[in-house]
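Student: Pasting a structure below so you can have a look.
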Amino acid sequence: MSTNNKEIRIGFYICHCGTNIAGVVDVDKIREFIAKKDNVVVSRNYKYMCSDPGQELIQKDIQEHRLNRIVVASCSPLLHEKTFRNTLEKAGLNPFYLQMVNVREHVAWVHSDNEKATEKAKALCNAAINRVRYNKPLEKKRVPFHQDVLIIGGGIAGIHSALILASAGKKVYLVEKKPTIGGHMAMFDKTFPTLDCAACILTPKMSAIKENKNVVLWTNSEVIKVEGYVGNFKVTIKRNPRYVREDLCIGCGQCIESCSYKEAKYPDEFNLGLSKRKPIYIPFPQAIPNSAIIDDKTCIHFKMGKCKQMCLSACERNAIDFNQKEELREIQVGAIIVATGFKIYDPQKEPEYGYGVYPNVYTSLEVERLINASGPTAGEVILRDGTKPKSIGIIHCIGSRSEKANKWCSRVCCMYSLKLAYLLKKHTHAEIYNFYIDMRTPGKMYEEFYDRLLMERVHFIRGKVAEVTDISLVKEEEGKLILRVEDTLASVIRRIPVDMVVLSVGLEPSEDTQKLAHILNIGLSAEGFFQERHPKLAPVSTFSEGIFIAGCCQGPKDIPDTVAQAGASAAEAMAMIDAGYFEIEPITAHVLDEFCSGCKSCINICPYSAISYDESKKKVFVNETLCKGCGTCSATCPSGVMKQNLFEDDQILNEIEGLLVYE
Amino acid sequence: MSSKPKVAFYWCASCGGCEEAVVDLAEDILEVVKLVDIVFWPVAMDFKKRDVEALPDKSINIAFINGAIRTSEQEEIAYLLREKSQLIIAFGSCACFGGIPALANLYSKFEVLNDVYIESPTVDNAAKFLPQTTSIDNNGKQIELPEFYSQVRALDEIISVDYYLPGCAPTPKLIANTINMLLGDNLPTAGSTLLPDIALCEECPRKDSKPTDLSITEYKRICENLVDPEKCLLAQGFLCMGPITRSGCEALCIKGNMPCTGCLGPTSRVVDFGAKAVSMFASLSSGKNEEEIEKNYAQVMDPVGTFYRYHLSKSLLRGKLERGI
Ligand SMILES: Cc1cc2nc3c(=O)[nH]c(=O)nc-3n(C[C@H](O)[C@H](O)[C@H](O)COP(=O)(O)OP(=O)(O)OC[C@H]3O[C@@H](n4cnc5c(N)ncnc54)[C@H](O)[C@@H]3O)c2cc1C
Ligand code: SF4
């Protein structure tokens, strides 16, 4: 295959990669083979092309031999395409005149027959030579970056990210769905493995959010629409009415006391229904914002329209406002951090554990409240039937590591089960049994914590509990909950009667995850958590540039890991903001305007909503900042007017031809 | 002989529609006849092959060849006309892309002959004779007959072609324009198709009724459904090839309430018409995964005949190879 263009001068370089490539592929043979091809001016092999001398070799050749196309046969472009593009740029050549051939991962590492591997390398190199003739110069574009950041979710992840960004002087919008921030951590009494008081370490951070001038906190609010692109997101947020003005309320509680309901009657969400609240309430004493809220589903005024409105008159600051309406706010931000956390597995899906049937079966989260000094029983473990337990069974892995429920290990349940075992023992002096499949305690001081528990005379039984039942077989079992389990270490089936059962429920994607994925245009992994861009190298980035994920919304994890991710997201967002602009890869699609028939076939299939129809011109156009270069539109475009930079038909077809006919 | 430009018309594997189209120029044909000398037109005038052979090389100004190439005779005349003509125009979809005859490339030569000469219910051929390349005439003299090739080819797969005028058949207006253009001084770029390089939607009167979020759940057949005469046919679920096909016909079929079948062929930027059609319809399908899209596609009765109606010979896959016969 030859082109008439005399101007094309190709330099070809095949890398040995030590013996990685040269040990399998005959690099001399390839060099000689390519040297004979049309337009090839220089053909070389070299030990390490990516090394400084390797790159200098290319640069020198470009200048001396007036090369204007470069083919490097080495490793995966994922690793070194950037390197070699820079090399071209430094030598004054447009970086997109580079074509790479992956003779390491695609050839040397996957074949053992050297001769055949060399043949394959020949074909691949020839294809690249064929293709590079058609490569065109492309220009990178820069778009300015909006300085503000949106954080969705006010758990420990969202709080931590917000404080870091705010301390760096960035304006942060923190949007929380619930009436208060704090997330799950606010519900705990102590945290493993150090057993420090959760409130003591969390609430100062919550107050800092309230105090910080750079943070705009919108609780009781939801993100409903996100438009735009990295650096320029336009976000619509729905602020649900609180019916109490946050700016006036100081959380004195007068309104709650004087509410027409003399007794609290409705299940208290924060205590997971273990206590009752009135229609007007403050979720918990350290809630932020520390402001009351009226639940319009239970408030007499909203239900019947005729209440004496005792709260209204009780409030000296006139903070109650029954006329508050839902409000839509539109903001502009440059980056978004998603920190919407998790929800716990619903154990009623596995009726054999008796949750919802036997009152003394609890979820672990309920127990967190039960042993909490500010919880429904002020920290005293009093069961639903009013008794105090003398024996307690804690069952690990509820809803986790199971074919029936979720396949994944929820990572924190072993550790919090140990924590709960410890705390329950301290609170009740009961006999504690932990039923586990495997004990998973990876983490700093975690195994040591387990060792400590072994000393505390907590019983550990290795085996998955088959059933929780109240059918007694012997006298000692009467009136108890009996756990049937195969003790796999002793190889016996055991029945263990207890007064209280704790189900260590696993972590699942939070309710809104799918909806948010759609709104934000970010992916979900197979389990339904948000998908990170790369499991190792980009753990808090997503496939949508400028959108980051932190904490349990990315997958189950403990507080230290959550906080680490929150910090990482804040840093990544900051790096983008401080650059002031965002560079977009020119590998995007564009329309040959003159020839577009306006058939609209491409609009709906663009996964990034980058294509729109211009009603006046009756043609489509691509927003290059939104375009990710996936190529779907150019494959679809029925009249070939949608062109994908660097992946144009002549480039691909000639590459294929070069692959099929290479001698 | 006069100094008027010399013009030839010839037909190969074609239905005769293209010839009809030339005649359809009606009074305008007389204008053409006035302007040119017709030196060869077997369908309408009594010229013989030897008349053409007698002409000096390149003495014909323009030769219009319609129909695809299936036999040795068609090939021979194509070579001859190439030798004698300055410009060769592939006239009509069969000459340009193989056309409907090229759909026979899905079958081997034997399958075609067997079907036509032996299996066909209206044929009485107990001795199972198949066409031969030699025969003995009534006087006992051996005669040569054209050979039936194993593949149907477009004209430019046999000889080089200067311009293309696709259409099944090209409309009289397009023919008149073409002749005028070729007789004028400004010849278009060699090798070009004498049609706008933009798809039919551009000139379709129903363009505005096409939604931007088109998603097709059911592919309908024209013979089984009522057709809304105003609304975009694709939006109604009919397989309209308009977005893939060149414009220039002034959306004749659409105006007749029939979907475009693609006779004007793809734009210059598309390599394989049918492949483009398949990929476009897959994109328009409401199916969200491979399985759903396949289910959607299963409603298309004759996929090759629908997507490659005129272009099989010019497709990347081309058809079926004859093996072992
Ligand atoms: C029973 C139990 C005990 C645990 N004990 C410990 C422990 O001792 N030590 C430890 O290290 N880890 C412990 N963990 C793990 C710990 O809870 C998590 O690591 C931590 O809560 C993760 O924080 P997060 O901010 O990612 O999520 P969350 O705490 O779940 O916070 C998410 C926040 O986002 C909000 N939100 C959700 N959806 C939206 C939306 N659409 N819009 C706006 N806001 C939204 C939620 O209301 C919530 O406030 C325990 C977990 C459980 C279940
Ligand atoms: S952390 Fe322990 S209890 Fe939780 S799912 Fe994993 S193994 Fe099971």
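The values are calculated or read from the model by the stated rules, or taken from the named source; none is laboratory data. This is a predicted model, so every value here is computed, not measured. All Cβ positions, even for glycine, are placed from backbone atoms using ideal geometry, and neighbour counts span all protein chains on display.
Student: When the residues of region A:565-616 are narrowed to those that are within 14 Å of chain B (Cβ to nearest Cβ) and among the acidic types (D, E), which ends up nearest to A:N94 (Cα to Cα)?
Tutor: Taking the candidates together, the pick is A:D593.
Student: Go through region A:177-200 residue by residue and tally those that are among the β-branched types (V, I, T), closer than 27 Å to A:T513 by Cβ and away from ligand 2 (no atom under 16 Å from the Cβ).
Tutor: As a first pass, look at region A:177-200 and keep what is among the β-branched types (V, I, T): A:180-181, A:191, A:194.
This time we only want the ones that are closer than 27 Å to A:T513 by Cβ, so: A:180-181, A:191.
Filter again for away from ligand 2 (no atom under 16 Å from the Cβ), leaving A:180-181.
So the count comes out to 2.
Student: Give the residues of region A:34-51 that are farther than 17 Å from A:L88 by Cβ, surrounded by fewer than 17 Cβ atoms within 10 Å (Cβ to Cβ) and not aromatic (F, W, Y), sorted by residue number.
Tutor: A:A35, A:K36, A:D38, A:K47
Student: Among the numbered conditions (1) more than 16 Å from ligand 2 (Cβ to nearest atom); (2) in a helix (DSSP H, G or I); (3) free of Cβ contacts under 8 Å to residues at least 40 places away in the same chain, tell me where A:I382 comes up short.
Tutor: With respect to (1) more than 16 Å from ligand 2 (Cβ to nearest atom); (2) in a helix (DSSP H, G or I); (3) free of Cβ contacts under 8 Å to residues at least 40 places away in the same chain, A:I382 is out only on (2).
Student: Of everything in region B:249-269, what is in contact (Cβ under 8 Å) with a residue 60 or more places away in the chain, among the aliphatic types (A, V, I, L, M) and more than 13 Å from chain A (Cβ to nearest Cβ)? Give them in sequence order.
Tutor: Residue satisfying the conditions is B:L252 alone.
Student: A further question on this structure: Looking only at region A:417-468, filter to residues that are of a type in the set (F, W, Y) and more than 22 Å from A:M187 (Cα to Cα); which one of those is farthest from ligand 2 (Cβ to nearest atom)?
Tutor: Filtering first and then ranking leaves A:Y433.
Student: Which of the residues belonging to region B:166-205 are in contact with a Pro (Cβ under 9 Å, 6 or more places away or on another chain), assigned to a loop (DSSP other than H, G, I, E, B) and within 14 Å of chain A (Cβ to nearest Cβ)?
Tutor: Result: B:L195, single match.
Student: Looking only at region A:226-243, filter to residues that are farther than 22 Å from A:P144 by Cβ and not hydroxyl-bearing (S, T, Y); which one of those is surrounded by the most Cβ atoms within 10 Å (Cβ to Cβ)?
Tutor: A:R242
Student: Just for region A:151-178: of the residues that are more than 17 Å from A:I224 (Cβ to Cβ) and surrounded by fewer than 24 Cβ atoms within 10 Å (Cβ to Cβ), which one is farthest from ligand 1 (Cβ to nearest atom)?
Tutor: A:G169
Student: Determine which single condition A:I652 fails, assuming it passes every other condition in (1) within 14 Å of chain B (Cβ to nearest Cβ); (2) among the aliphatic types (A, V, I, L, M); (3) in contact with a Leu (Cβ under 7 Å, 6 or more places away or on another chain).
Tutor: (3)
Residue by residue, here is whether (1) within 36 Å of the chain's Cα centre (by Cα); (2) among the hydrophobic types (A, V, I, L, M, F, W, C) holds:
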{"residue": "A:S43", "(1), (2)": "no, no"}
{"residue": "A:G54", "(1), (2)": "no, no"}
{"residue": "A:S76", "(1), (2)": "yes, no"}
{"residue": "A:F84", "(1), (2)": "yes, yes"}
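Student: All but one of (1) modelled with pLDDT of 95 or more; (2) aliphatic (A, V, I, L, M); (3) away from ligand 1 (no atom under 13 Å from the Cβ); (4) not assigned by TED's automatic domain parsing to the domain that holds A:A571 hold for A:L365; which doesn't?
Tutor: (3)
Student: Provide a single number: the residues in region B:195-231 that are touching a residue at least 40 places away in the same chain (Cβ under 8 Å) and among the hydrophobic types (A, V, I, L, M, F, W, C).
Tutor: Count: 8.
Student: At least 2 residues that are under 22 Å from A:I652 (Cβ atoms) in each: list the strands (runs of 3 or more DSSP E) lying fully within region A:95-159 that qualify. Steps first, answer last, please.
Tutor: Numbers: elements: A:98-102, A:141-144, A:149-152.
In region A:95-159, A:98-102 are the strands (runs of 3 or more DSSP E) which contain 2 or more residues that are under 22 Å from A:I652 (Cβ atoms).
Student: Looking at (1) part of a loop (DSSP other than H, G, I, E, B); (2) under 23 Å from the mean Cα position of the chain (by Cα); (3) surrounded by 19 or more Cβ atoms within 10 Å (Cβ to Cβ); (4) within 11 Å of another protein chain (Cβ to nearest Cβ), find the lone condition where B:C232 falls short.
Tutor: (2)
Rundown of residues vs (1) without any contact (Cβ under 8 Å) to a residue 12 or more places away in the chain; (2) buried (at least 21 other Cβ atoms within 10 Å of the Cβ); (3) hydrophobic (A, V, I, L, M, F, W, C), yes/no style:
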{"site": "B:Q86", "(1), (2), (3)": "no, no, no"}
{"site": "B:I89", "(1), (2), (3)": "no, yes, yes"}
{"site": "B:S93", "(1), (2), (3)": "no, yes, no"}
{"site": "B:C96", "(1), (2), (3)": "no, yes, yes"}
{"site": "B:A104", "(1), (2), (3)": "no, yes, yes"}
{"site": "B:S108", "(1), (2), (3)": "no, no, no"}
{"site": "B:I118", "(1), (2), (3)": "no, no, yes"}
{"site": "B:T122", "(1), (2), (3)": "yes, no, no"}
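Student: Can you tell which of B:T178, B:T245, B:T193 is of a type in the set (S, T, Y), closer than 26 Å to B:Q299 by Cβ and surrounded by 18 or more Cβ atoms within 10 Å (Cβ to Cβ)?
Tutor: Answer to the check: B:T245.
Student: Next up: Out of all the residues in region A:422-442, is one or more among the aromatic types (F, W, Y), modelled with pLDDT of 95 or more, within 16 Å of ligand 1 (Cβ to nearest atom) and assigned to a strand (DSSP E or B)?
Tutor: Yes, region A:422-442 contains a residue that is among the aromatic types (F, W, Y), modelled with pLDDT of 95 or more, within 16 Å of ligand 1 (Cβ to nearest atom) and assigned to a strand (DSSP E or B).
Student: Could you tell me which of the residues B:D302, B:D272 is within 12 Å of chain A (Cβ to nearest Cβ) and among the acidic types (D, E)?
Tutor: None of the others qualify; the one that does is B:D272.
Student: Name the one entry in A:I398, A:I382, A:I394 that is away from chain B (no Cβ under 14 Å), more than 23 Å from A:G528 (Cβ to Cβ) and within 15 Å of ligand 1 (Cβ to nearest atom).
Tutor: Numbers: A:I398 fails: more than 23 Å from A:G528 (Cβ to Cβ); A:I382 fails: within 15 Å of ligand 1 (Cβ to nearest atom).
From the options A:I398, A:I382, A:I394, the qualifying one is A:I394.
Student: Right, another one. Being among the hydrophobic types (A, V, I, L, M, F, W, C) and within 8 Å of another protein chain (Cβ to nearest Cβ) is the filter here, so list the residues in region A:617-636 that pass it.
Tutor: A:A635
Student: Let me ask something additional. Just to be sure I understand, how many residues within region A:402-416 are closer than 11 Å to A:L507 by Cα and near ligand 2 (Cβ under 8 Å from one of its atoms)?
Tutor: 6
Student: Give me the pairs: first residue in region B:235-248 and within 12 Å of another protein chain (Cβ to nearest Cβ), second residue among the charged types (D, E, K, R) and part of a loop (DSSP other than H, G, I, E, B), beta-carbon distance under 6 Å, and six or more apart or on different chains, which are they?
Tutor: From residues that are within 12 Å of another protein chain (Cβ to nearest Cβ), the pairs are B:A235/B:K210.
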